[in-house]
Amino acid sequence: MNFTWKVRLAVGESLVKWLKVSRGIIVDKGTENCPLCKLFYNEGDCKGCPIKKITGKDLCYGTPYDAWINHHNNNHRNLDSDTDGRGIECPECKELARDQFYFILDMIEMGVEDIISDEGNKPQAMLADGGK
Ligand SMILES: [Zn+2]
């Protein structure tokens, strides 16, 4: 599978993740259960991630994920979210998880291939692999 398809697959899996989170099937564990993080995340740096390419920021700052994290920190901190993950605890949680789902859906509609077409965004490991 070439690099473009690996990224497309990870974007699709991220979409499924947020659908499942919004329905309370799974919880969000940040980088631990993000398919895009598995490809791109490296010690606080998200170089090459199509989300970063859109926002210009690491760690999903500038996406609806900000509001999701803030909401959990302000309302559900007692649940020890860092260990147990962030799930659906109230109606607003559901709205915010849906917002992240739609952010990723918009990204797909923008054309993931266009977003990642810049060679300079490929991680070094991928370049060493011939960029495929
Ligand atoms: Zn909530």
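So here's what we get for this one:
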item	result
Region 14-53: radius of gyration over Cα atoms, expressed as a fraction of 2.2 N^0.38 Å	1.22
Residue-wise HN-Hα coupling along region 83-95, computed from phi with Karplus coefficients 6.51, -1.76, 1.60 (Hz; x: Gly, Pro)	8, 8, x, 10, x, 8, 10, 7, x, 5, 3, 4, 4
Inter-probe distance in nm under a simple model that places probes 7 Å from Cα toward Cβ, at residue 89 and residue 2	4.5
Length-normalised contact order of region 3-126 in % [C-alpha pairs under 8 Å, at least 6 apart]	36
³J(HN,Hα), Karplus 6.51/-1.76/1.60, whole Hz, each residue of region 39-49, x for Gly, Pro	7, 10, 6, 8, 6, x, 10, 10, 3, x, 5
Intensity falloff of region 3-126 expressed as log10 I(q)/I(0), Debye formula with alpha-carbon point scatterers, at q = 0.10, 0.15 Å⁻¹	-0.29, -0.65
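Taken together, the values in this text are just the output of simple stated rules run on the coordinates, not laboratory data. Predicted model only: the values in this text are computed from it and were never measured. So basically every Cβ, Gly included, is an ideal-geometry build from the backbone, and we count neighbours across all protein chains shown.
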